[in-house]
Amino acid sequence: MATPAFVYAFDNLGPERFVQLCGLLLGARYKGFLLTSPGPDGGVDAEDCPTLGELVLESPAVLQETLLQPTMKAVFQFKHKVVARVGEANARTQLLSMYRSTRTRKSEVLGSEIAKRNPDAYILVTNVEINSGFRSSFTELCREENPNIQNYQVIGLDELEAWVTQERQLRTLYFPTIFSPARFNLALKLAPGCTYKQISRWESDGAEYSPDRPILCLTVMNVGEATSYLSSIKFKIYQQGEVSYFMKSPIPSNQIDPLANPKIGEPIEPGRSAEFRFPFMMFQRHAKEKGEYFLDSVVVWDQIDNLYSLEISNEIRELLFGTNAWIDLG
């Protein structure tokens, strides 16, 4: 559950600044995300001209618990509540009432701007803390109101809290009284590579090498002000309709690592980086075992449980699993 500091901080943003922050958070995660302009009356909840987000994916991506495919259109609608004034339970009740049609008011999912876009998915984004009961009621109600939309989801306070925690520049900009500039900050980079084997004797003039096994290289750069220590590296995957995490980790400390990975827990000084290498074979075998398989992102935790993530590019997924994949025979 979210901490009170975040509840009141999101309350204080107000509707327009809340939408701005959400747009930046979503835009950082999903290529192709855009915010529409507010209507002439400026209200983010105005039915005639609401401020909406649109996402038309360039490549597959996991949104919450759903795998969205390219060309699918997702529409995001933003609802800001002053939760401290009405309470979490009342805020959820008020939200749900906006998705039930009455004689005088249409459901939000039947609004003219939604109908005009004809989306495949509708996502409610709110600063209200969402529980499992609300998610179920929301999805069921929306499907009754507008069965033409295939997928309904909610992004609530807990998800926004986690995203703000990752986006350190945004959190100091939007919550300056809670967060100071980040002392601990890591930047991630992924690239394909390969190991090499020696094909000539050392005694010859200039030893020669040839590519051997394909590997995925994760570079972790310390761009903060303090020394960091990693506590965990995992890969987020989507399989059989669920999101899970996979990691057969860098080799345990009591074993020899043929890829010469750094040990988890070794210091990474400011301005320095560590590179972790993972054989393609690890992912290819895992995918073969699991059937439906989508490699979404890599997730890194540091010693104070800051979370950093980076999306796996479609180019890397093609090298791992595509028709011209780099096959690692082990």
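Filtered by the rule that a residue be within 17 Å of L26 (Cβ to Cβ), surrounded by fewer than 19 Cβ atoms within 10 Å (Cβ to Cβ) and in contact with an Asp or Glu (Cβ under 9 Å, 6 or more places away or on another chain), the stretch 123-162 gives a lone residue, D158. Within the stretch 97-122, the set of residues being farther than 19 Å from L26 by Cβ and touching a Leu at 6+ places or on another chain (Cβ under 7 Å) comprises Y99, R100, S101.
When D212 is tested against (1) without any contact (Cβ under 8 Å) to a residue 60 or more places away in the chain; (2) closer than 15 Å to A191 by Cα, just one condition goes unmet, and that condition is (2).
For T102, the requirement of being in a helix (DSSP H, G or I), out of contact with any helix residue (DSSP H, G or I) (no Cβ under 7 Å at 6 or more places or on another chain) and among the hydroxyl-bearing types (S, T, Y) is not met.
Can you confirm whether the stretch 108-122 contains a residue that is among the hydroxyl-bearing types (S, T, Y), farther than 17 Å from I155 by Cβ, exposed (fewer than 15 other Cβ atoms within 10 Å of the Cβ) and touching a residue at least 60 places away in the same chain (Cβ under 8 Å)? Taking every residue of the stretch 108-122 in turn, at least one turns out to be among the hydroxyl-bearing types (S, T, Y), farther than 17 Å from I155 by Cβ, exposed (fewer than 15 other Cβ atoms within 10 Å of the Cβ) and touching a residue at least 60 places away in the same chain (Cβ under 8 Å). Among the residues of the stretch 166-192, the ones that are surrounded by fewer than 16 Cβ atoms within 10 Å (Cβ to Cβ) and at pLDDT below 90 come to 9 in all. Taking the stretch 202-310 as the region of interest, the strands (runs of 3 or more DSSP E) fully inside it that hold 2 or more residues being modelled with pLDDT of 90 or more are 209-222, 228-239, 273-279, 294-302. Which of the residues spanning the stretch 314-330 are surrounded by fewer than 18 Cβ atoms within 10 Å (Cβ to Cβ) and touching a Phe, Trp or Tyr at 6+ places or on another chain (Cβ under 7 Å)? Residues satisfying the conditions are L319, W326. The residues of the stretch 281-313 that are free of Cβ contacts under 8 Å to residues at least 60 places away in the same chain, under 19 Å from G241 (Cα atoms) and either surrounded by fewer than 18 Cβ atoms within 10 Å (Cβ to Cβ) or small (G, A, S) (or both), listed by number, are H286, A287, K288, E289, K290, G291, E292. In the stretch 160-175 there is at least one residue that is among the charged types (D, E, K, R), touching a residue at least 12 places away in the same chain (Cβ under 8 Å) and over 26 Å from E88 (Cα atoms).
The values are calculated or read from the model by the stated rules, or taken from the named source; none is laboratory data. No experiment lies behind these values; they were computed from the predicted model shown. Using ideal geometry, Cβ is built from the backbone for each residue, glycine included, and neighbour counts are taken over all protein chains shown.
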